[in-house]
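The values are calculated or read from the model by the stated rules, or taken from the named source; none is laboratory data. What you are looking at is a predicted structure, and each value in this text was computed from that prediction instead of being measured. FYI the Cβ positions are ideal-geometry reconstructions off the backbone, even for glycines, and counts take in every protein chain you see.
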Amino acid sequence: MASEFDKEKRKASKKITMVYAGLSEADNPAHYACGRLQEVFKELGLTVEYKDLSKDDNEEVILAMTGSAGVVIALTVEWYGIGYLLQKLLDDCHFYKKSGAFDEIPLFSIVFSRDGFEKEAAIYLETAWQLLGGSLGQQITAIFANSADLAGNFEAIQVIEKRAEQYFRYGLHQSYQLPQSLTADKVLGQTKPVEEMITPEQSAETARQQKEQAHIQSLSDKLKAKLEEKTKAEYQTLPELLMQKYSGYTDQEYQLQILIIDKPAANTTVLIKKSGIFAAYGQEDVPVTISATEETIRQILAGKISFQRAFMTGEMTAKGELTVLYKLDDFFTTNR
C-alpha cells in the first residue's frame with residue numbers, strides 16, 4: 001500500500017475526506033458543522049467524501065483519507081476524551097505510519113462538547129495526527145448543547161465558514177480560479193502551422209519578450225508571496241499565530257494569560273507542554289499574566305521585537321512568575 005501514496009497527486013486531487021466521529025447524527029452540533037463545511041468546500045471547487053465512523057468500515061475510511069488533499073475530523077465530546085470510535089480509527093491508522101500514508105495531510109479538527117473538555121480532546125486528536133505524520137490546518141472548539149444552538153448562532157456559523165476558507169487557502173494552498181474556455185489549437189485563417197510563418201527576427205523578438213515577461217512574472221510572484229504572507233499573518237487569529245509561530249521545546253508545563261488591553265475579546269490563554277503549545281480565546285487564573293496591545297503581541301510574533309524588550313520598554317506589562325518571560329523568547333526565538 002505504501003507505493004500508492006503519491007503526495008503530489010494527492011495534493012492536486014482537491015479531495016477532502018470528512019470523518020464524522022460522533023455517536024449519533026441526530027441533534028449533534030459536530031454533524032451540523034460538517035454540513036456547513038461541505039457547502040463551503042463544494043463552492044470552492046473541492047470534492048468532499050463524507051465518512052461516518054458509526055457506519056463505515058475503518059479500512060474504507062483510511063483509504064479515503066490517504067488519498068485526500070486534506071482531512072476533516074469532527075466530533076462532539078459526550079463526556080471526556082475523543083470516544084472509542086475515533087480512538088479505534090487512530091489506532092488503525094498507526095499501522096500505516098511507516099509507509100508515509102498520512103505525511104503532510106493537513107487536518108481540520110472540529111471538536112465540540114456539551115459540557116466541557118473539548119480543548120483536551122482537540123489537543124489529543126491533533127497530537128495523534130502529528131504523530132502519524134500529518135500536519136495541522138485549522139481547529140474549531142466550542143460548547144453547544146445541541147444543533148439548534150449552533151444553527152441559531154450566526155457569528156458561530158461565520159467562524160466555521162471563515163475557517164473553511166482559511167483551510168482552503170493556507171492548509172491546502174489553493175486559490176479559487178474562475179472558469180475558462182479551452183485554448184484554441186488552431187489560428188483562424190491560417191493554412192500552415194504558426195511556427196512555419198515566423199521569421200528569425202520575429203523569433204528573436206519573441207524570445208526577448210518572453211524573457212522580459214518571465215522576469216516581470218518572477219518579481220510579481222515574489223511580491224505576491226510577501227503580500228500573501230503579510231495578509232495571512234493579519235488574517236489569522238491570535239491563538240492561531242501563537243500555535244503557528246511556536247518553535248520551542250520544554251519538559252515542563254507553563255500556563256500563560258495574554259490580556260489584550262485594546263481588545264478584551266481577544267484575551268488568550270496559552271498552555272505550553274512537552275507535546276507542544278495550545279492557545280485559545282478566553283481568560284483563566286494562571287501563574288503568569290502579560291498585558292499589551294494586540295499590535296504589540298503581533299509584532300513580537302512577527303519577530304520585530306522580543307518579549308523582554310517589550311517588557312523593558314513598557315509596551316508590555318507582566319505579573320506573576322516573571323522568569324517565564326525569558327523562556328518565551330526561547331520558545332519563539334526562530335522567528336527573529
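At-a-glance table
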{"read-out": "Cβ-Cβ under 8 Å pairs, at least 6 apart or on other chains, the range 228-247 side modelled with pLDDT under 85, far side of a type in the set (Ser, Thr, Tyr) and crowded, with 17+ Cβ neighbours inside 10 Å", "value": "232/170"}
{"read-out": "Unmet criterion (only one of (1) out of contact with any strand residue (DSSP E or B) (no Cβ under 8 Å at 6 or more places or on another chain); (2) crowded, with 19+ Cβ neighbours inside 10 Å; (3) not β-branched (Val, Ile, Thr)) for residue 148", "value": "(2)"}
{"read-out": "Flag if residue 127 is part of a strand (DSSP E or B) and either out of contact with any Phe, Trp or Tyr (no Cβ under 7 Å at 6 or more places or on another chain) or at pLDDT 90 or above (or both)", "value": "no"}
{"read-out": "Within the range 286-320, tally of residues that are of a type outside the set (Val, Ile, Thr), exposed (fewer than 14 other Cβ atoms within 10 Å of the Cβ) and touching a strand residue (DSSP E or B) at 6+ places or on another chain (Cβ under 8 Å)", "value": "2"}
